[in-house]
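**Q** Below you'll find the structure I mean.
The values are calculated or read from the model by the stated rules, or taken from the named source; none is laboratory data. Every value quoted in this text rests on a predicted model; they were computed, and no experiment measured them. Positions of Cβ are generated from backbone atoms using ideal geometry, with glycine treated the same way; all protein chains shown enter the neighbour counts. In case anyone asks, the SASA skips ligands and DNA or RNA and just uses the protein heavy atoms, side chains included. Shrake-Rupley method; radii C 1.70, N 1.55, O 1.52, S 1.80 Å.
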Amino acid sequence: MNIFWVTSEAIPYAKTGGLADVSGILPKKLAERGHQVTVFMPYYRQFIESKNLPYTDRIDQLTVPFGDHNELASLRVLKLSDSLTFLFLEYDRFYDRPRLYDWDGKEYDDNAERFIFFCRAAMETIMLLNLNPDVLHANDWHAALACVYLKSDLYRERKPFWNCRSILTIHNIGYQGIFPKENMQWTGLGWDYFNYTCLEYHDCINFLHGGIMTADMVNAVSETYAQEILTPEFGFTLDPSLRHCAARGKLRGILNGIDTEEWNPAKDALLPANFTAKDLSGKAVCKQALQAHFNLPQRAEVPLFATISRLAYQKGLDIFASGLEYLLRNFDFQFILIGSGDFSLESHFKYLATKYPDKFAVHIGYAPNPVSHLTEAGADFFIMPSRYEPCGLNQMYSMRCGTLPIVRHTGGLADTVVNLDNNEESATGFVFYDLTPEALNNTIVWAASIRQDAPAVFKKMIKHAMTADFSWDRTAGNYERMYQDAHQ
Ligand code: ADP
Ligand code: GLC
């Protein structure tokens, strides 16, 4: 199939979260499986320029209708193989920014314009290059308007779209792209598109809602999350739109995979030592290097817990923060936290790190790759107390590295971690249910006690975690089936 993949971020070019990880690897896997894949994303100059990428072409004449006039943009073409091409949309007014979506804790106030322009440019690129895609695959709210465009008078009957069906992947329903309705003026769509069956939601534009209502197929990034978002608790008010979509057989859950080459402790060149499930001696070397990097006492016997996360409400790290001092006071544990986001959480964590320098270390900000890899590989446990988690990638990265996850039972965490309570023979981690500091702390203490008092069980868990199959090969076929079904 000919797939046009629209995303606002992708590794190794620009990343704020797991969407970038998925967009960096799934298109590549689909290309390897015989499809023709084009990835369309913004040229974030301040992230991408310094990479000096070997562009194969530059197209200067991309005319993008915007409001009542046309704008001129460019495309940088990066051909990675015969079947995989990245197209970067260059338009500095919108994408030459120091961060992708926000600054100083505030969303850019022209985000509606930025991503309307992005989606319109995606459609115009398909026309200009005559790409004739079979699948227009939009990811999250930033790209969702492309699904609306595909069904609109503007594009529906244009030749490059004759055989095209749209897919919307919901990586996170907490972010919907909600903007004042005045922004309709930039879309080129008439006010008849501003209604509940399309872009309107509570008198605002809601891009994700528009995508859900118009895409030929919609999927969420795990099976459990696809069920959860049908309920008011997890649907962030879009559960009625999703139930409508599900009732017509258009909603699926497809678990993410991970890049098992990047996350392979047996070969990872970013680690000071490599290791396998059979020979874990290299993991001990990584632990020591991690403790050294974070200025923690280099002790092999102390349980070391890590977390790498956006400090967002979703991630439940406020729950971790509430109970952390109790653990620091009463237990011989070490903790490492890498993250940024909520300013009050950042300062609380910094305060605790200063107060307990031998037990708690933080990196506030975005850690470079070698530090993330060392953290995933060197820790004993990885903590994810998410309120909700569409899929979550870190628990899979950590399992690959024999670092047992401690997770809340929600979304993709529930689908990927086998709790020790349920089955000693296949357990890969520790799962808790109540979103309270007590439940999390009890689970942390329980995990440490298994390591200390039941080393054979602990070892078995590490082996299961390291050998579990989280590859895209296991799950990419589900995307192919969804693409085919969209054509039925
Ligand atoms: P989400 O996309 O909701 O943030 P995921 O678990 O899917 O959650 O993916 C998060 C990705 O971002 C992971 O690759 C994680 O390691 C990375 N990440 C998040 N915060 C940081 C940070 N401060 N430093 C380095 N990597 C981070
Ligand atoms: C989102 C979700 C995360 C998921 C990622 C990739 O950012 O919050 O759970 O793993 O997208 O799909």
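**Q** Using Cα-Cα distances under 8 Å and only pairs 6 or more residues apart, what relative contact order does the chain have, in percent?
**A** Once divided by the residue count of the chain, the mean separation gives 12 percent.
**Q** If you don't mind, there's one more thing I want to ask. Please compute the modelled spin-label separation between ALA300 and ASP110, points set 7 Å along Cα→Cβ, answer in nm with one decimal.
**A** 5.8
**Q** How many nm separate the modelled label positions at ASN52 and GLU480, each set 7 Å beyond the Cα in the direction of the Cβ?
**A** If labels sit at ASN52 and GLU480, their model points lie 3.9 nm apart.
**Q** Tabulate in residue order the Karplus-calculated ³J(HN,Hα) for segment 455-461, using 6.51 cos²θ - 1.76 cosθ + 1.60 with θ = phi - 60°, rounded to whole Hz; enter x for Gly and Pro.
**A** With coefficients 6.51, -1.76 and 1.60, one gets x, 5, 5, 4, 5, 4, 5 Hz.
**Q** What are the ³J(HN,Hα) values, in whole Hz, obtained from phi via the Karplus relation 6.51 cos²θ - 1.76 cosθ + 1.60 with θ = phi - 60°, for each residue of segment 372-379 in sequence order, with x given for Gly and Pro?
**A** Running phi through 6.51 cos²θ - 1.76 cosθ + 1.60 with θ = phi - 60° gives 4, 5, 5, 5, 4, 7, x, 6 Hz.
**Q** Going by amide H atoms built from the backbone, whose H comes under 5 Å of the H on TRP5, apart from near neighbours?
**A** THR38, VAL39, PHE40, HIS137
**Q** Suppose the chain between GLU182 and SER322 were pulled fully straight at 0.36 nm per residue; how much longer would it get relative to their current alpha carbon spacing?
**A** On the way: separation 140, 0.36 × 140 = 50.40 nm, distance 4.16 nm.
Additional length available on full extension: 46.2 nm.
**Q** Post the alpha-carbon centroid distance, segment 165-227 to segment 237-264, in whole angstrom.
**A** 15
**Q** Next question, about the same structure. Based on the Cβ-Cβ distance of VAL445 and GLU157, what FRET efficiency does E = 1/(1 + (r/R0)^6) give at R0 = 60 Å, to the nearest 0.05?
**A** Calculated transfer efficiency: 0.45.
**Q** Same structure, new question: Taking all protein chains as present, what is the carbon and sulfur share of the accessible area of the chain, in % to the nearest whole number, probe 1.4 Å?
**A** 50
**Q** Any chance you could check the Cα centroid distance between segment 7-54 and segment 399-477 for me, in angstrom?
**A** Value for the Cα centre distance between the two parts: 30 Å.
**Q** Also, I was wondering about something else. Zone of SER81 (label point 7 Å along Cα→Cβ, backbone N under 12 Å): which residues in segment 17-32?
**A** 25-32
**Q** List the residues of segment 273-312 whose backbone N lies under 11 Å from a point placed 7 Å from the Cα of ASP332 along the Cα-to-Cβ direction.
**A** 300-303
**Q** While we're on this one: Which distance in nm do the two modelled labels at ASN70 and GLN488 give, with both placed 7 Å along the Cα-to-Cβ direction?
**A** 4.2
**Q** Using only DSSP helix segments of four residues or longer, with each worth -39500 (n - 2.57), what per-residue ellipticity at 222 nm results for the chain after dividing by its residue count and rounding to 500?
**A** Details: 19 runs with 192 residues, N = 488.
Value at 222 nm, helices only, nearest 500: -11500 deg cm²/dmol.
**Q** Quick query: amide H of ARG252 versus all other amide H atoms, modeled in the peptide plane; which residues come in under 5 Å with a sequence gap of 5 or more or a different chain?
**A** Here VAL218, ASN219, ALA220 satisfy the definition.
**Q** So what are the ³J(HN,Hα) numbers for segment 313-330, from phi and the Karplus equation (6.51, -1.76, 1.60; θ = phi - 60°), rounded to whole Hz, Gly and Pro as x?
**A** With coefficients 6.51, -1.76 and 1.60, one gets 3, 3, 7, x, 6, 5, 5, 4, 4, 5, x, 5, 5, 4, 5, 5, 6, 9 Hz.
**Q** Starting from the amide H of SER386, placed 1.01 Å from N in the peptide plane, find each other amide H under 5 Å away whose residue is 5 or more places distant or on another chain.
**A** It is ARG408, by chain and number.
**Q** Ranked highest first by average number of other Cβ atoms within 10 Å, how do 121-127, 319-325 line up? Mind dumping the intermediate values first?
**A** On the way: 121-127: 23.0, 319-325: 19.9.
Taking the mean over residues of other Cβ atoms within 10 Å, the ranking is 121-127, 319-325.
**Q** Give, in nm to one decimal, the length gained when the segment between ASP279 and ARG310 is fully stretched (0.36 nm per residue of separation minus the Cα-Cα distance).
**A** Length gained, ASP279 through ARG310: 7.9 nm.
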